[in-house]
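The structure appears right after this line, and notes come after that.
The values are calculated or read from the model by the stated rules, or taken from the named source; none is laboratory data. Remember, it's a predicted structure, so these values are computed and weren't measured experimentally. Methodologically, a virtual Cβ is constructed for each residue, glycine included, from the backbone with ideal geometry; neighbour enumeration extends over all protein chains shown. Protein only, heavy atoms only, side chains kept; ligands, DNA and RNA dropped before computing areas. Shrake-Rupley method; radii C 1.70, N 1.55, O 1.52, S 1.80 Å.
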Amino acid sequence: MSLPVVSVAGNGLLSKGKRFQIKGVVYGRRSSRSTPIDVLAGSRARMDVSSNIANSTWQMNVFKQYAAVLDSMAGYNNLLGLLVGDEIISGYTSVDLAPYLKAAARDMKAYTAARQYRPIPIGYATSAEYTYMQALGEYLVCGGNSDNAVDFYSVNDYQWCGNSSIKESGYDTLTSKVEGLSVPTFFSEDGCDEVSPRLFGDQPAIFGSNMSSIWSGAIIDEWRQETGNYGLVSYTTSGVSTPTTLADYNALKSQWSSISTNTEPPSTLSTPSCPASINSYWPIDPSAALPTIAGLDFATIKAAGATDTTDSTRTSISTSTSTSSSHSTESSLSSGAKAGIGIGVALGVVLSISFLFLLFWHRRKIRQGSKLPLMTQTPELAAGSLNRIAPPAELAHTTPLAELAQTNSLNELPGSSPRAQELDTGVVHKADKPKPIIK
């Protein structure tokens, strides 16, 4: 099935020249002692692109893992974008990882251009932590060079519970933190379960006149009922089966069916200034050069489908990814350099949307049952990411494009072959890795 490409325009998204707003659902993996099972497609996940990212630095082997994910997904026109991180920064003590997120976005954009793929938006998903959320967003967007900035900024937030309001839930404050960004923002996780069944009363607000000029929609957590009780449907078997819809499913369907999305063109805003290094909550020097990877020269990377006549084993390439720095900076991305694939899955007739593709996942978020079940992570960022997969149903048995068939080997890149394993029947499944946004 062919779907129109969704693109970034100002602080919003466009599809066929019209404003596009996301109505999505997180598609969580089915836990298994062996490999994850896609209950929609029935195939098992065999792609592991980031099992070695934990406690790694931003270096060639990590870059190759990210590049392998991009190669496997770039041929699909319903790929909305890639996330270079999902709550990697979990508190003010870990904000020093921000330059590595921005470097990852820069390098993945350069790789996309070198492979001659269509422009694929690159973004980051943050928790709704007010102490650093606004500064982080401004830092990832600022600088005046779109090649070195994220294209969108999404927020994981669970503060609207039951019969709440924009003010009581803090959505007014949350909106004020992101309204100055010049890129699209949306809720990459949403759906407090403090009140059961959930009412999803925030949906009319998100898509209403007070918020829809700033927010480009929401992704509800989550499709399948698991131990956290965030599911919209339940399955009785571990394999492919017909799900039983739950009360939350019907409540969400009712909300979305009554919503009229914003049709006004997105706004074009000035790029925000880089936040100054002012205190321990934001110590980042905005003028400091971004980290680079020694030996990474995008001029040597061939376009997709090009015949490789060079020696793919060479490792000594002197040109780095940045002319502003003559040396490679290798600082730890820690276990936060997660790569994950997540999406918005269609909810029957309710979801006529683009699936959201989210990059960088590392271990499934453990729900605590509190009003604000945001991720909690150690300073090493080991815990708190989503251990999710992103198998769009229409891609379940799609043969990869011919020109991408061998891209997972990344023969065009110097150094050893990546650790990414072969995809099964063209489905991208993810447990502990990067995350795509698919429409």
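Please state which one of 240, 233 is open to solvent by less than 30 Å² (accessible area, probe 1.4 Å) and either more than 24 Å from residue 81 (Cβ to Cβ) or without any contact (Cβ under 8 Å) to a residue 24 or more places away in the chain (or both). The conditions single out 233. In the condition set (1) in a loop (DSSP other than H, G, I, E, B); (2) within 24 Å of the chain's Cα centre (by Cα), residue 153 is compliant with all but (1). Every test in (1) modelled with pLDDT of 95 or more; (2) touching a Phe, Trp or Tyr at 6+ places or on another chain (Cβ under 9 Å); (3) of a type in the set (Ser, Thr, Tyr); (4) part of a loop (DSSP other than H, G, I, E, B) is passed by residue 216 save one, and that test is (4). When 94, 72, 90 are screened for being out of contact with any strand residue (DSSP E or B) (no Cβ under 6 Å at 6 or more places or on another chain), at pLDDT below 95, open to solvent by 10 Å² or more (accessible area, probe 1.4 Å) and not in a loop (DSSP other than H, G, I, E, B), only 72 passes. Criterion applied to 189, 222 was being touching a residue at least 60 places away in the same chain (Cβ under 8 Å), acidic (Asp, Glu) and outside any strand (DSSP E or B), and the one residue passing it is 222.
Which one of these is crowded, with 23+ Cβ neighbours inside 10 Å, among the small types (Gly, Ala, Ser) and touching a helix residue (DSSP H, G or I) at 6+ places or on another chain (Cβ under 7 Å): 137, 123? Within the list 137, 123, the selection yields 137. Filtered by the rule that a residue be open to solvent by 10 Å² or more (accessible area, probe 1.4 Å), of a type outside the set (A, V, I, L, M) and under 20 Å from residue 6 (Cβ atoms), the stretch 171-206 gives a lone residue, 182.
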